[in-house]
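Just so it is clear, none of the values below were taken in a lab; they were calculated from the coordinates. Predicted, not measured: the structure shown is a model, and the values here were computed from it. Please note: Cβ atoms are built from the backbone with ideal geometry, for glycine as well, and neighbour counts cover all protein chains shown.
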Amino acid sequence: MNVSVVIVSHSPKVAEGASDMIRQMVGDEVAVAYCGGNSAGGLGTDVAQIVSCIEEVWSEAGTIVLVDLGGAEMSAEMAIEMLSDEMQEKVLLCNAPIVEGAVMAATEASIGGTLDEVNNAALEVI
């Protein structure tokens, strides 16, 4: 079981594009979920969508959440707080650049890296 990746962007297209890059570079070794845009279909984030994404790919090995802007970070923090205590303990918010960080995180996860190793790999691109 590998660490999973969640991508949260203000733009649905950015989130989908980052996810697509992971799939093309890492394959299906890592579970990836993404969300972007607000509930009205515009730019923004939706806490309920983020919760759903985390729950979709949550892993005993851990789940890393990458965000693009401060508002996405705040929404992701709220989403994590809505999870059970057991899930919260294994979800980590990462402030690495969303595309490069997500690819590096997924690459490390695909070789069995721990949650901390996956986070550190993503942060190395800063």
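In the chain, a dipole from Cβ-located charges (positive for Lys and Arg, negative for Asp and Glu) runs towards its positive end, and of GLY44, VAL118, THR107 it is GLY44 whose Cα lies farthest in that direction.
Rounded, prolate or oblate: which fits the chain, taking a ≥ b ≥ c as square roots of the Cα gyration tensor eigenvalues, rounded meaning a/c under 1.5, else prolate when a/b beats b/c? Oblate, since a/c reaches 1.5 and b/c is not below a/b. Under 5 Å between amide hydrogens, built in the peptide plane, is the criterion, and for TYR34 it picks out ILE7 among residues at least 5 positions away or on other chains.
Summary of packing: across the peptides 20-27, 45-52, the per-residue average of other C-beta atoms within 10 Å ranks them, highest first, as 45-52, 20-27. Alpha carbon centre of segment 79-94 versus segment 1-67: separation in Å? Centre-to-centre (Cα) distance: 14 Å. A DSSP coil position with no more than 14 other Cβ atoms inside 10 Å describes the following GluC sites (Glu not before Pro) in segment 69-103: GLU89.
What net charge do the residues around VAL14 carry, taking every other residue with its C-beta under 12 Å from that of VAL14, with Lys and Arg at +1 and Asp and Glu at -1? Every neighbour counted, the sum reads -2. Applying the Karplus relation 6.51 cos²θ - 1.76 cosθ + 1.60 with θ = phi - 60° to segment 91-100 yields 3J(HN,Hα) values of 10, 10, 8, 10, 9, 6, x, 4, 7, 4 Hz, where x marks Gly and Pro.
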